[in-house]
Amino acid sequence: MPLHAIERLITFLYTQKLAETAHFYENLLQLRLVLDQGDCRIYETAPRAYVGFCKRMQPEGQTREGVILTLITPDVDDWYRSLCALGAEFEHPPVLNPKYQIYHCFLRDPNGYRIEIQQFIQPFDIQE
């Protein structure tokens, strides 16, 4: 059974300097801020592609922990069931994250990078 389409891509990076990062991406690079979640800010880099910065401490020596590749889809549960059937191992089944109004689950690729399968409960305004 084919998987649902990936509608958008967000790469999340950690920062301890969210205000300075926001200034750089908004004022210098002039990227459009599409969603401000307080401690995370998401910018459009290209049609249907985004970079998000979240204020977090990155664990010492764990560079793969500072990157999350987020695949946006309308059916997280279908992705979860299909990938489990193919042998993928998830950190946990899909859950609702009320803080960010998302429904999501996580797994890792063979290199240890964290992959998030996500659906926005309250989609952010995107002009396409």
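The values are calculated or read from the model by the stated rules, or taken from the named source; none is laboratory data. Computed from a prediction, not measured in an experiment: that's the story for all the values here. We place every Cβ from the backbone using ideal geometry, glycine too, and count neighbours over all the protein chains shown.
Data table
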{"read-out": "Number of the exception - residue 14 against (1) at pLDDT 90 or above; (2) not in a loop (DSSP other than H, G, I, E, B)", "value": "(1)"}
{"read-out": "Qualifying residue in the stretch 83-96 (condition: at pLDDT 90 or above and under 20 Å from residue 50 (Cα atoms))", "value": "no"}
{"read-out": "Residue 9 vs. criteria of a type outside the set (D, E, K, R), surrounded by fewer than 16 Cβ atoms within 10 Å (Cβ to Cβ), part of a strand (DSSP E or B) and touching a helix residue (DSSP H, G or I) at 6+ places or on another chain (Cβ under 8 Å)", "value": "no"}
{"read-out": "Restricting the stretch 5-32 to residues that are touching a strand residue (DSSP E or B) at 6+ places or on another chain (Cβ under 6 Å) and of a type in the set (Lys, Arg), the residue that is farthest from residue 50 (Cα to Cα)", "value": "32"}
{"read-out": "Qualifying residue in the stretch 28-51 (condition: out of contact with any Asp or Glu (no Cβ under 8 Å at 6 or more places or on another chain), assigned to a helix (DSSP H, G or I) and buried (at least 17 other Cβ atoms within 10 Å of the Cβ))", "value": "no"}
{"read-out": "Single residue of 127, 122, 58 found to be modelled with pLDDT under 80, closer than 17 Å to residue 14 by Cβ and of a type in the set (S, T, N, Q)", "value": "58"}
{"read-out": "Selected residue [of a type in the set (S, T, N, Q), closer than 16 Å to residue 10 by Cα, more than 13 Å from the chain's Cα centre (by Cα) and modelled with pLDDT under 95] from 63, 45", "value": "45"}
